[in-house]
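Written out below as structure tokens is the structure these notes cover.
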């Protein structure tokens with residue numbers, strides 16, 4: 001592979017600008033989702049109760065396990081579409097899309113039929129729902145099966161947007177979806193339709209998203225179309241082999257995220273699923289702020305590895321980790337500090353366990369972001385097999401830890417099992433990514449902003465101290481004072497202490513509108 005002498009070249013900044021733009025749109029979409037979660041969840045809990053909400057939370061497992069029939073092909077398309085676009089143009093892209101769609105129309109139909117036949121097993125034996133909500137549960141499970149089918153179809157065309165590095169457009173569609181779904185849920189509950197109304201709203205929003213993604217992909221890629229006669233066995237073989245490795249890791253991820261929810265009814269009771277799900281979902285919403293950026297790494301790394309540009313490939317990896325520490329770390333510290341008063345304001349009395357669980361999930365969540373960055377880099381250079389192996393190892397550790405710790409310590413034992421498996425597997429995968437990129441672990445700290453790291457931790461300690469020695473403050477006032485003070489202090493420290501480097505400043509200058517006063521502080 002050839003090396004380049006100047007990793008801060010104009011080309012690198014251009015790629016960084018595209019990745020950064022995609023990241024901003026992804027973050028906006030995640031912020032709207034978080035806001036919707038904050039406002040709609042207490043209302044849903046109030047209207048349908050804890051047990052019905054537990055059923056609603058468990059429905060996500062149907063979509064997750066249904067996605068097994070995806071076989072990782074949509075992720076593989078994100079890798080192959082940029083290559084096909086360069087090598088053969090739209091003709092190759094149509095072959096890839098037509099091959100994937102033909103396969104899905106057969107496989108997904110079969111899977112949906114099987115899931116429909118097993119509805120009673122899912123509701124009675126897996127979810128263990130009480131008799132008085134049996135009929136409602138059967139209806140929403142049927143709706144979840146339909147949502148799964150639509151999600152598969154939209155995923156094919158969404159891969160076109162990602163392959164063209166238009167994550168910003170994909171995020172825009174998700175922004176609209178993130179508004180429609182909770183708005184529809186509110187209307188459905190207000191009209192008294194309860195749990196079935198929630199599913200009807202979700203189905204309508206999913207139909208909108210599928211049509212929007214399909215129409216947008218055709219506009220971004222003129223000439224894009226589905227033609228069954230273009231099904232190509234060799235293309236399918238290449239995509240399938242790449243995708244199946246990704247799918248095994250996805251299965252493992254699903255198992256990792258569902259083991260806790262599936263075992264909690266037996267270990268602690270059905271209601272504990274609600275407490276854990278609310279904490280896990282809050283943590284996931286926070287991490288999703290940065291997943292938009294991670295999604296851009298795969299096509300960017302694929303382009304760089306095709307160009308044999310090793311230095312910029314490493315620089316891309318270092319930058320992704322650097323921005324995790326600059327932007328994600330302070331958010332996670334603040335989330336840990338304010339989790340208890342946040343939950344009290346958000347959900348009211350009786351949900352203290354949610355706040356404690358959020359604190360416990362913060363550290364594995366942060367390491368999970370770095371692992372996600374390593375995942376996307378490995379996929380971009382075509383090294384998906386290590387991800388598969390580590391994901392399988394994570395599931396094995398999760399099962400062993402859950403059975404051993406859960407039986408001894410109950411609910412907190414299950415949470416501790418989740419933390420341990422996540423941290424260990426994240427560390428191993430990061431080491432593997434470093435080896436593949438020729439990066440030494442000790443080289444990473446010099447590419448980070450250690451000043452920003454220290455600032456975030458110090459402000460977190462200060463915020464905790466204020467809460468500890470001023471117990472008379474209400475939860476809402478604590479959120480406002482400590483949260484605002486933390487964010488203002490962190491931003492002031494970042495700019496005042498000049499903790500950003502030249503490339504950070506260059507990217508911000510290119511992405512920030514001229515009228516914003518922040519530009520006055522950005523001088524390289």
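The values are calculated or read from the model by the stated rules, or taken from the named source; none is laboratory data. All figures in this text were calculated on a predicted structure; none of them were measured in a lab. Here the Cβ is made from the backbone with ideal geometry for all residues, glycine too, and neighbour counts use every protein chain on show.
Some values worked out for this structure:
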{"quantity": "Criterion (over 20 Å from the mean Cα position of the chain (by Cα), under 29 Å from residue 494 (Cβ atoms) and crowded, with 21+ Cβ neighbours inside 10 Å) met by exactly one of 315, 302, 296", "calculated": "315"}
{"quantity": "Long-range neighbours under 8 Å by Cβ, at least six apart or interchain, first residue on the phi > 0 side of the Ramachandran plot and in a helix (DSSP H, G or I) within segment 27-38, second modelled with pLDDT of 70 or more and surrounded by fewer than 18 Cβ atoms within 10 Å (Cβ to Cβ)", "calculated": "none"}
{"quantity": "Residue in segment 500-513 that is loosely packed, with under 12 Cβ neighbours inside 10 Å, farther than 25 Å from residue 335 by Cβ and modelled with pLDDT under 70 present", "calculated": "yes"}
{"quantity": "Number of the exception - residue 344 against (1) modelled with pLDDT of 85 or more; (2) within 21 Å of residue 287 (Cβ to Cβ); (3) more than 20 Å from the chain's Cα centre (by Cα); (4) surrounded by fewer than 21 Cβ atoms within 10 Å (Cβ to Cβ)", "calculated": "(2)"}
{"quantity": "Test: residue in segment 240-262 that is in contact with a helix residue (DSSP H, G or I) (Cβ under 9 Å, 6 or more places away or on another chain) and not in a helix (DSSP H, G or I)", "calculated": "no"}
{"quantity": "Residue check, residue 376 surrounded by fewer than 18 Cβ atoms within 10 Å (Cβ to Cβ) and either over 19 Å from residue 261 (Cβ atoms) or modelled with pLDDT of 90 or more (or both)", "calculated": "no"}
{"quantity": "Residue match in segment 399-415 (condition: under 17 Å from residue 377 (Cα atoms), within 21 Å of the chain's Cα centre (by Cα), surrounded by 21 or more Cβ atoms within 10 Å (Cβ to Cβ) and modelled with pLDDT of 85 or more)", "calculated": "no"}
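Yes/no matrix, rows are residues, columns are (1) under 18 Å from the mean Cα position of the chain (by Cα); (2) surrounded by fewer than 19 Cβ atoms within 10 Å (Cβ to Cβ); (3) in contact (Cβ under 8 Å) with a residue 24 or more places away in the chain:
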position: 168; (1), (2), (3): yes, no, yes
position: 180; (1), (2), (3): no, yes, yes
position: 208; (1), (2), (3): no, yes, yes
position: 221; (1), (2), (3): no, no, yes
position: 242; (1), (2), (3): no, no, yes
position: 245; (1), (2), (3): no, no, yes
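For every residue, the table says whether it meets (1) in contact (Cβ under 8 Å) with a residue 60 or more places away in the chain; (2) touching a strand residue (DSSP E or B) at 6+ places or on another chain (Cβ under 6 Å); (3) over 19 Å from residue 336 (Cα atoms).
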| position | (1), (2), (3) |
| --- | --- |
| 354 | yes, no, no |
| 358 | yes, no, no |
| 364 | yes, no, no |
| 373 | yes, no, yes |
| 376 | yes, no, yes |
| 389 | no, no, yes |
| 412 | no, no, no |
| 416 | no, no, no |
